[in-house]
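What follows is a short report on a single structure.
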Amino acid sequence: MTDDFMGAPQEPGSQWYDHEAGPLVRPYAMTGGRTKPGPAGVRFDLISLVTLDPGVPGTDDDTALGPEHRLLIELCRTETQSVAELAAGADLPVGVVRVLLGDLLELGRVTVSRPVPPAQLPDERILREVIAGLRAL
């Protein structure tokens, strides 16, 4: 077998190894071929906030979790993160992160919440009037 670019012989299996980046793992291998998160009705929007469940023990001894699952837990350990931040921090495609978060949600390791939509936030003008009224007291 020859390398198309250089014409040099290629070792068997070397197409799965990038000499600069290390071994390559295809996204479907990380998710077991799944493309949708497990729990029905849960949406992982890019701005959905993921929080580590406070009762979660250390993940070093949990053999049910893959290295990508443990990485997502570690990223959430310090602070709540959005799905987009987790994907960037883990250097994984968003689709893969959504599936992995679905696994963690099913295991009770994380909680997912959606930020308050802007339409439900109080109007700034009303808040200023309340502050002015309180100062007048």
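The values are calculated or read from the model by the stated rules, or taken from the named source; none is laboratory data. Everything numeric in this text was worked out from a predicted model, so none of it was measured. Cβ atoms come from the backbone with ideal geometry, glycine included; neighbour counts cover every protein chain shown.
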Can you find even one residue in the stretch 52-70 that is aliphatic (A, V, I, L, M), in a strand (DSSP E or B), out of contact with any Pro (no Cβ under 6 Å at 6 or more places or on another chain) and modelled with pLDDT of 80 or more? yes
Quiz prompt | Filter result for L100 (assigned to a helix (DSSP H, G or I), modelled with pLDDT of 85 or more and in contact with a His (Cβ under 8 Å, 6 or more places away or on another chain)) | solution = yes
Considering the stretch 70-113, residues that are among the polar types (S, T, N, Q) and either crowded, with 19+ Cβ neighbours inside 10 Å or touching a residue at least 24 places away in the same chain (Cβ under 8 Å) (or both), and then whichever is nearest to P54 (Cα to Cα), we arrive at T111
